[in-house]
Amino acid sequence: MSPRHTLQVRAAVLSHYGEVAKPLGLNPQSMLRKVGLTPRMLASPTALIPFKSALTLLEISANESGCDTFGLHLAEARLLSDFGPISLLLTHQPSMRMALQTIVQYRHLLNEALAMHIEDVGKTTLIREEIISDSPSGTQQSTDMAVGVLMLIFRAILGQNWKPQAVHFTHSANRDLQVHRRIFGCPLRFDSDFNGVVCLKADMDRSMVRADAAMASYAQSFIEAMPKHGQSSVVQDVRRSVYLLLPMGRASVEQIASGLGVNVRTLQRRLDESGVSFSDVLNEVRCELAQRYIIHTSYSMGRVAEQLGYSNLSSFTRWFISQFDCPPTMMRERSQ
């Protein structure tokens, strides 16, 4: 296993938490204490907090309030200005594609635990999002919030009436889809192979008449002058890439090195300097995703195996037993 690193994110990921929690019968201060956070820690949006605390807060808030759309409510309360200086840079990008690439470039100022992959397929574009976490409590609320915030960004740039072709979630459908339908206004796909949005490629590349290159340059200069703490390590970058590419069958060292803009030898050397190998990171992510799929989705075991890069169920089962000392079916039974 690769060296563990306590992933931290900006406190802005919990913007408007109190506003959403109180009407649902929760005491925000009490809930924060349960995960080791305080209102003072959230006072500055740019302050760093442990991501696992933020993720756990969303899951237990959903459980204790009985609101299984808590993450979506939090996304609905967000404003583009909650992103801080980067909001100005986003709104003055020449296209939606450039805005999303800006988010990827400056993820350390937004949410280091969120991975995003943009892929064109014919006349459509798939924007995949993945939460990087080994949390046993699951990631449904944080994933829903991330997809909801993505919609906020799309509509801030393309207009409030914009709608995607479809929105996908790996988790099963909620009991009540009223909130989903209100926020997304498009076909919803649950038990999907990915979390994210499918939109028209033309929407991604449409020229933004309101974009001001001078304002974008000013905003970028301001952002570049900000302290660089919180930026990714090579291990985090590789983990993020594996999370996105493993379910797509593309998590080879060659593909990931290419995606990170280096050759294989350079990537392996940097990983060696961090005390970890590529196979270590791949196996670690595979373990985390295996538990997530088995405990928090309704995927069949054959589908879990396929998502983790195994062409047959028996090979996956042997690997799983070697990692967890029990077959995957037993883990699912215990979790239920």
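The values are calculated or read from the model by the stated rules, or taken from the named source; none is laboratory data. Every value quoted in this text rests on a predicted model; they were computed, and no experiment measured them. A quick note on method: Cβ atoms are made from the backbone with ideal geometry, for glycine too, and the neighbour counts reach across all protein chains shown.
Let's see how each residue does on (1) in contact with a His (Cβ under 8 Å, 6 or more places away or on another chain); (2) within 22 Å of Thr46 (Cα to Cα); (3) at pLDDT 90 or above; (4) assigned to a loop (DSSP other than H, G, I, E, B):
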site: Glu112; (1), (2), (3), (4): no, yes, no, yes
site: Glu119; (1), (2), (3), (4): no, no, yes, no
site: Thr125; (1), (2), (3), (4): no, no, yes, no
site: Arg128; (1), (2), (3), (4): yes, no, yes, no
site: Asp134; (1), (2), (3), (4): no, no, no, yes
site: Ser137; (1), (2), (3), (4): no, no, no, yes
site: Ser142; (1), (2), (3), (4): no, yes, yes, no
site: Val147; (1), (2), (3), (4): no, yes, yes, no
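Tally up the residues in region 202-219 that are assigned to a helix (DSSP H, G or I) and either small (Gly, Ala, Ser) or at pLDDT below 90 (or both), please. Number satisfying all stated conditions: 8.
For beta carbons closer than 9 Å, sequence separation of 6+ or different chains, a first residue in region 146-158 that is on the phi < 0 side of the Ramachandran plot and a second that is assigned to a helix (DSSP H, G or I) and of a type in the set (S, T, N, Q), the qualifying pairs are Ala156/Ser87; Ala156/Thr91; Ile157/Thr91. Can Ser311 be described as more than 25 Å from the chain's Cα centre (by Cα), surrounded by fewer than 19 Cβ atoms within 10 Å (Cβ to Cβ) and modelled with pLDDT under 95? In short, yes.
Being exposed (fewer than 14 other Cβ atoms within 10 Å of the Cβ), under 22 Å from Arg107 (Cβ atoms) and of a type outside the set (Asp, Glu) is the requirement here; does Ser44 meet it?
yes
Within region 220-235, can one find any residue that is among the charged types (D, E, K, R), surrounded by fewer than 20 Cβ atoms within 10 Å (Cβ to Cβ), assigned to a helix (DSSP H, G or I) and modelled with pLDDT of 95 or more? Among the residues of region 220-235, not one is among the charged types (D, E, K, R), surrounded by fewer than 20 Cβ atoms within 10 Å (Cβ to Cβ), assigned to a helix (DSSP H, G or I) and modelled with pLDDT of 95 or more, which makes the answer no. Cβ-Cβ distances below 8 Å connect the following pairs, each with a first residue in region 82-107 that is at positive phi, a second residue that is of a type outside the set (D, E, K, R) and part of a loop (DSSP other than H, G, I, E, B), and a separation of six or more residues or different chains: Gly84/Pro45; Gly84/Thr46.
Wholly within region 280-336, which helices (runs of 4 or more DSSP H) include no fewer than the required count, namely at least 1 residues that are hydroxyl-bearing (Ser, Thr, Tyr) and within 28 Å of Gln141 (Cβ to Cβ)?
328-335
Scoring Thr125 on the criteria (1) β-branched (Val, Ile, Thr); (2) touching a residue at least 12 places away in the same chain (Cβ under 8 Å); (3) more than 15 Å from Val104 (Cβ to Cβ) leaves a single failure, condition (3).
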